[in-house]
Amino acid sequence: MWLVGTGSSQHAAELGALLLAEAGLDARWSGSSEFARMVGRPDPNDAVILISHSARTSFALAARQAALASGAEVVSITGIGGGWPEAIETVAMEQSHTYTVSLTATLMILFRLAHELGAPGLSAGDLKATIERVRTIVDEMEVPAVEPPNRVLVLVGSGAGAVSAREGALKLREAARVLAEGYGSEYLLHGFAVPLQRGDALLLLGPAADRDELLSAIGEAADAEGLVVVSIDEPSIDHPILAQLPIIVRLQLLALTFSRIRSTDPDKAITGRWADEAMWAIGRPSR
């Protein structure tokens, strides 16, 4: 079972692969460009879940073409009106470059698929409780208590939380133009923490649920080095992957908060030469 996407869609694919592995499947994720260009094609006995918010980006189109040509069973997840007949459509096509609602809707589809395929802890009651938790977060604006950094904000998670760390960093970069980085806890420890310095900020995602307690140890080390250390947890949700949904929403709200403080446009991220149409057309199938 392949799960394929780019950017936030890739993060959804990573979490989806973790979910489907819990259902006993050989689930793997890939970026769209890597999937489209990889040497080994999917087998006709494989299945592919292709995630694309817009169903328009070049390598999403190329990945879909490769998946369909392989003879594998293909299911896509897109916004409404994407035009792919095999797609599960989530929400109206977002105008915002950050695709926050598209991501959370896609994750809910993946939770439901994983439940139907046998993954434990994802019943209708579990999903409803998580939805209510997200509603509370949005209504009460539960934003992590961290200020915009002078230099860099590093988000760190463990397991599924590492994916949320990368997704949160992406939203902070896009919406608020903040230099943010996301890492898994062990990955950060092996050299990536070296350039961090006094005054930088570290946001720990779910340290209370980290059974190895590495996140807490990293927080203590960062504090001793003079970094600003903040943590967030979701103790009301036992399932470690399901808990990422409210964590991601809290990070989305943090990006919005930073955007307001810094007077940036949270909905228009890719501008200037980064928006060059010819560059974005690279990889697009000719037919």
* **Heavy-atom accessible surface of the chain: percent carbon and sulfur, 1.4 Å** => 53
* In the chain, which helices (entire DSSP H runs) extend 20 Å or more along their own long axis, judged by Cα positions, while averaging at least 0.5 on the Kyte-Doolittle scale? -> 100-116, 244-262
* To do: Under a 10 Å cutoff between Cα atoms, tell me which one of Val156, Val249, Val143 has the largest fluctuation in the Gaussian network model of the chain.
  => Val143
* Structure fact -> If N is the residue count of the chain, its Cα Rg over 2.2 N^0.38 Å rounds to 1.00
* With a ≥ b ≥ c taken as the square roots of the eigenvalues of the C-alpha gyration tensor of segment 30-178, please select rounded if a/c is under 1.5 and otherwise prolate if a/b is larger than b/c or oblate if it is not? => prolate
* Ranked highest first by average number of other Cβ atoms within 10 Å, how do 127-139, 56-68 line up? -> 56-68, 127-139
* Between Glu73 and Asn150, with labels modelled 7 Å along Cα→Cβ, what's the label distance in nm to one decimal, could you check? => 5.7
* Asked: Which value in nm describes the separation of the simple spin-label points at Ala278 and Asn45, placed 7 Å from the Cα toward the beta carbon?
  -> 4.7
* So what is the relative contact order for segment 27-85, in percent, with contacts set as C-alpha pairs under 8 Å and at least six apart? -> 42
* Positive-pole candidate from Val194, Ile232, Ala221, dipole of segment 181-235, charges at beta carbon -> Val194
* Amide H contacts of Leu3 (H built 1.01 Å from N, under 5 Å, at least 5 apart or other chain) -> Arg28, Trp29, Ser30, Ile49
* Is segment 160-231 rounded, prolate or oblate when judged by the Cα gyration tensor, a ≥ b ≥ c being the square roots of its eigenvalues, rounded requiring a/c under 1.5 and prolate requiring a/b larger than b/c? -> oblate
* To do: Counting only heavy atoms of the protein chains, get the accessible area per residue of the chain (1.4 Å probe) and round it to a whole Å² value.
  => 48
* Could you point to the residue in Thr90, Ser123, Gly161 farthest towards the positive end of the chain's charge dipole, with +1 and -1 charges on the Cβ of Lys/Arg and Asp/Glu respectively? => Thr90
* **Pairwise FRET efficiency - Tyr187 versus Ala129, Cβ, R0 = 30 Å, nearest 0.05** => 0.45
* Structure fact -> tail above 16 Å in the computed P(r) of segment 98-195, as % of all Cα-Cα pairs, reads 68
* What is the distance, in nm, between label points placed 7 Å from the Cα along the Cα-to-Cβ direction at Ser216 and at Gln65? -> 5.3
* Structure fact -> For segment 235-287, the dipole about the Cα centre with charges only on Cβ (Lys and Arg +1, Asp and Glu -1), to the nearest 20 debye, works out at 120
* Asked: For the peptides 171-178, 219-226, 86-93, what is the packing order when you average, over each peptide's residues, the other Cβ atoms within 10 Å and list the highest mean first?
  -> 171-178, 86-93, 219-226
* Length gain on complete extension for the stretch Glu140 to Ser286, per 0.36 nm per residue less the alpha carbon to alpha carbon distance? -> 47.8 nm
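The values are calculated or read from the model by the stated rules, or taken from the named source; none is laboratory data. For clarity, every value in this text was computed on a predicted model and none was experimentally measured. Because the Cβ atoms are built from the backbone with ideal geometry, glycine has one as well, and the counts that use them run over all protein chains shown. SASA here: full protein model, heavy atoms, side chains in, ligands and nucleic acids out. Shrake-Rupley method; radii C 1.70, N 1.55, O 1.52, S 1.80 Å.
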